[in-house]
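Read the figures in this text as sums done on the coordinates, not as results from a lab. Model, not experiment: these values are computed from the prediction. Cβ atoms come from the backbone with ideal geometry, glycine included; neighbour counts cover every protein chain shown.
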């Protein structure tokens, strides 16, 4: 029963990833693209968590944490670059 | 058995909210409105998936708690990235024609810079 | 004197506690080894970074903070359902987005940060900017036929509680 729910969740989040990618390509504003990338990072974390759940291992959590941190830092860096034309002042 | 039903329900809720976040990202029409959907729906969605994984670990495998760490990190960082993206929209005047006015002498912080340091939103970035 | 030494050894006691808990969670074990090594990290990191962080932010009553966190978590769940309904079933033409200006009674930066984070996490509203003198908060609401109602709800539900906690 859990297997079926996991397949549904994989499908839903894969679809969510595709929708976010469409927004990334369409734009139109640069803020929309940054937001789409941020959403894709969060969805990728969800997929990694699901893979760890499906295979019943704990080894994927470190990668989930690292992707969460990298995603946050890259979102802030991109936004700061647009705001200031520079990342570190 | 009952615990499996609980896990399935939480999994489906999490997947549903993650999907709704991306649907909103694609469907809504103005840049500021688009900011609403993913920053929150996705955090609750991923939060539910992590909760399901944690309950499953306690019920069927060795107990594990480090999902809490990912959850806490996402909940702390989501408002900050949303705030930065909102500042980008204000800076690039995407949806800003209707910003509420402030009393004389003050200005919204993103638009307020000394004249010599003002950075105009460049048209080249798209 | 003892107080001085205590302050020298533990410049940020809550940070020390947080580091121990995070280290145990990262290891995914609560054994003596993890706690001892976490305690070493919890002693060294605040001491090394203390020069960059001279003021100790005041920590409000932990019990009140816990109640506040649970109120916010409940609101996140309820409001997520509301926003999901808006996204899925409302056409773009019916959506009334609005900017809301919130005059702040809070003055402490920590309290304003927590208020802005709360506003962003409860769906339907995003805190976007602060006025340059820090007395007004700019909030964007996804669907608000009556912007004044949004402002009053934020002020009575979250800001009043934070004011009791911090000031």
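Ranked by Cβ crowding within 10 angstrom, fewest neighbours first, how are C:155, B:29 ordered? Write out the running numbers ahead of the final one.
Working: C:155 16, B:29 11.
Fewest-to-most Cβ neighbours within 10 Å comes out as B:29, C:155.
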(request) Please report the orientation-averaged projected area of the protein assembly as shown, defined via the convex hull of its C-alpha atoms, in nm². (result) 21.6
(message) At 7 Å along Cα-to-Cβ for each site, give me the label-to-label distance between residue C:30 and residue A:84 in nm.
(response) 4.1
(request) Could you please state, rounded to a whole Å, how far the C-alpha centre of the range C:33-54 is from the C-alpha centre of the range C:66-137? (result) 34
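Suppose only helical runs count, i.e. DSSP H with n ≥ 4. What mean residue ellipticity at 222 nm does that imply for the protein assembly as shown under -39500 (n - 2.57) per run, divided by all residues and rounded to the nearest 500 deg cm²/dmol? Kindly include the intermediate steps, with their values, before the conclusion.
On the way: 13 runs with 254 residues, N = 382.
Only helices count here, giving -23000 deg cm²/dmol.
With the cut-off at 1.5 for a/c, could you classify the range A:2-84 from its C-alpha gyration tensor as rounded, prolate or oblate?
Details: a/c = 5.56, a/b = 1.62, b/c = 3.43.
Judged from the Cα gyration tensor, the range A:2-84 comes out oblate (a/c at least 1.5, b/c at or above a/b).
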(request) For helix C:109-121, report the angle its Cα long axis makes with the longest principal axis of the Cα atoms of chain C; keep it between 0 and 90° and round to the nearest 10°. (result) 50
(request) Output the direction-averaged projected area (hull surface divided by four) of the convex hull of the alpha-carbon atoms of chain C, in nm². (result) 13.4
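Would you mind ranking B:36, B:91 so that the residue whose beta carbon has the fewest other beta carbons within 10 Å leads the list?
On the way: B:36 27, B:91 20.
Sorted ascending by nearby Cβ count, the order is B:91, B:36.
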(request) In a Gaussian network model over chain A where Cα atoms closer than 10 Å are linked, find which of A:25, A:42, A:34 has the largest mean-square fluctuation. (result) A:25
(request) Measure nothing fancy, just the Cα-based angle from helix A:2-26's long axis to the longest principal axis of chain A, in degrees from 0 to 90, nearest 10. (result) 20
(request) Can you tell me the relative contact order of chain C? Whole percent, Cα pairs under 8 Å, sequence separation 6 or more. (result) 20
(message) How many angstrom lie between the Cα centre of the range A:4-79 and the Cα centre of the range B:1-55?
(response) 12
(request) Please find, in a Gaussian network model of chain C (springs between Cα atoms separated by less than 10 Å), the residue of C:36, C:100, C:81 whose mean-square fluctuation is greatest. (result) C:36
(message) Over chain A, what is the relative contact order in percent, taking alpha-carbon pairs closer than 8 angstrom and at least six residues apart?
(response) 25
(message) Taking the 0 to 90 degree range and rounding to the nearest ten, how far is the long axis of helix A:60-84 tilted relative to the main principal axis of chain A, both from C-alpha atoms?
(response) 20
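In which sequence would B:56, A:3 go, from the one with the fewest C-beta neighbours within 10 Å to the one with the most?
Values: B:56 20, A:3 9.
Sorted ascending by nearby Cβ count, the order is A:3, B:56.
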